[in-house]
Amino acid sequence: MPNPDRKPLLLDFEKPLAKLEARIHEIRQLAAENGVDVSEETSEEIRKLEARTDQLRQEIFSSLSPMQRLQLARHPRRPSTLDYVQAISDEWIELHGDRRGGDDPAMVGGIARIDGRPTVIIGHQKGRDTKDNIARNFGMAAPGGYRKALRLMEHADRFSMPIFTFIDTPGAWAGLEAEQLGQGEAIACNLREMFRLDVPIICTVIGEGGSGGALGIGVGERLLMLEHSVYTVATPEACAAILWKDSGKANLAAEALKITSWDLKNLGVLDQIVPEPIGGAHSNPIKAASILKRALLENLAELSQLSSQQRRELRYQKFRHIGVFTEIPA
């Protein structure tokens, strides 16, 4: 999990909070350096500052714009797939390779035991720093990554293990080599095959869900999103560049694309919003993982009551209804 003792990386809208927290820390430090107990007057000042900090944090994180939520979804210290696996599983064995000569580090997967139940977990994996991000290709999987994911899903189906997928990618790798290796075919094959699997499939957007790269492991009976994650057909920057020839209009694109969890819940694409600790998942990764684990197990318990045929039909109907609308005559 991310180290809570590291100096925080502040987003622009978090800076007012940082000033208040710095003032509280300064008062406590002065008292400690002088070797005196904090006076009643000083204690009252600290309590007021802490109350104001909590109130301001609540105000800020309850009224974020879509672009600000995208910043949170991309936060370098936001928990990744392997962070959540470590926090929610009792036992974990990572499996490697697509059995065609490759092992894409941008896509990870393996067998986990969660509350005693064997499951298969698959997800995009971003890096924690620049060097790690380069090694992980910033979570943008190559064709081999999607073929590895499908191999693990077929393994889960063969041994009747439920599948959890964690989505966190700006999109599939769009390099020339990816196209030469069949990126479109690999993703399309995953879409087709995930519809036929008998076991429960629960997909969760834990950060950034981008385009076909997200869909490649995103077909399931249930789609969950962490509160401050985003799910979009194209990044706001790319959309703005296409529509207005100006990536600087990404804020407008983010509003129009309806990328937030609340937007997608209202549109019927999303099944459940998973709350995050106030301040985002990176502010309290352990609590965020606990909330996510509870949501996953609750959904799994419901889906386990259905037959495999019912689950496949539920999966099929879910995607058939996405985009359906009613036109009202003028």
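The values are calculated or read from the model by the stated rules, or taken from the named source; none is laboratory data. Bear in mind that the values here come from a model prediction, so they are computed numbers and not experimental data. Cβ coordinates were reconstructed from backbone atoms using ideal geometry, including for glycine residues, and neighbour counts include every protein chain displayed. What goes into the accessible areas is simple: the full protein's heavy atoms, side chains included, and nothing from ligands, DNA or RNA. Shrake-Rupley method; radii C 1.70, N 1.55, O 1.52, S 1.80 Å.
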*Give the residue from Thr130, Ser261, Val120 lying farthest towards the positive end of the charge dipole for region 114-269; charges sit on Cβ (+1 for Lys and Arg, -1 for Asp and Glu) and the dipole is referred to the Cα centre.*
Val120
*asked:* So, for the chain, what is the accessible surface per residue at a probe of 1.4 Å, expressed in square angstrom?
replied: 50 Å²
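In nm, what is the difference between 0.36 nm times the number of residues separating Ser247 and Trp92 and their Cα-Cα distance?
Full-extension gain reported as 51.7 nm.
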*Loop sites in region 52-116: trypsin sites (Lys or Arg not before Pro), DSSP, at most 13 other Cβ within 10 Å*: Arg99, Arg100
*asked:* Run through region 131-219 and list the chymotrypsin sites (Phe, Trp or Tyr not before Pro) located in a DSSP loop whose Cβ has at most 16 other Cβ atoms within 10 Å.
replied: Phe159, Phe195
*Computed helical MRE - 222 nm, the chain, DSSP H runs ≥ 4 contributing -39500 (n - 2.57), nearest 500*: -14500 deg cm²/dmol
*For the chain, with only Lys/Arg (+1) and Asp/Glu (-1) charged at the beta-carbon, what is the dipole magnitude about the Cα centre, in debye rounded to 20?*
800 debye
_Normalised contact order of the chain, rounded percent, pairs of Cα under 8 Å and 6 or more residues apart_ = 15 percent
_Magnitude of the charge dipole, region 140-291, Cβ model with Lys/Arg +1 and Asp/Glu -1, debye to 20_ = 140 debye
*Among the lysines, which have Cα under 22 Å from the Cα of Lys258 when same-chain residues fewer than 8 positions away are ignored?*
Lys245, Lys249, Lys318
*asked:* Give me the dipole magnitude in Debye, nearest 20, for region 109-157 about the Cα centre, with unit charges on the beta carbon: positive for Lys and Arg, negative for Asp and Glu.
replied: 120 debye
_Average Cα contact separation per residue, region 41-139, under 8 Å, 6 or more apart, as relative contact order %_ = 19 percent
*In whole angstrom, how long is each semi-axis of the equivalent ellipsoid of region 175-300, when you take the square root of 5 times every eigenvalue of its Cα gyration tensor and sort them from largest down?*
25, 23, 13
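What pairs in Lys15/Lys293; Lys148/Lys293; Lys126/Lys148 have C-alpha atoms more than 26 Å from each other?
Correct reply: Lys15/Lys293.
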*Take every DSSP beta bridge whose two residues both sit in the chain, then give the antiparallel share in percent to the nearest 5.*
40 percent
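Kindly identify the chain as rounded, prolate or oblate by the Cα gyration tensor criterion: order the square roots of the eigenvalues as a ≥ b ≥ c, call it rounded if a/c is under 1.5, otherwise compare a/b with b/c, prolate if a/b is larger, else oblate.
Prolate, because a/c is 1.5 or more and a/b exceeds b/c.
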*Which of rounded, prolate, oblate describes region 172-218, given a ≥ b ≥ c as roots of the alpha-carbon gyration tensor eigenvalues and a/c under 1.5 marking rounded, otherwise prolate only if a/b is larger than b/c?*
oblate
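Counting only protein heavy atoms and using a 1.4 Å probe, what share of the accessible area of the chain belongs to carbon plus sulfur, as a whole percent?
53 percent
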*In the Gaussian network model of the chain, springs joining C-alpha atoms below 10 Å, which of Ser304, Ser160, Ser43 carries the largest mean-square fluctuation?*
Ser43
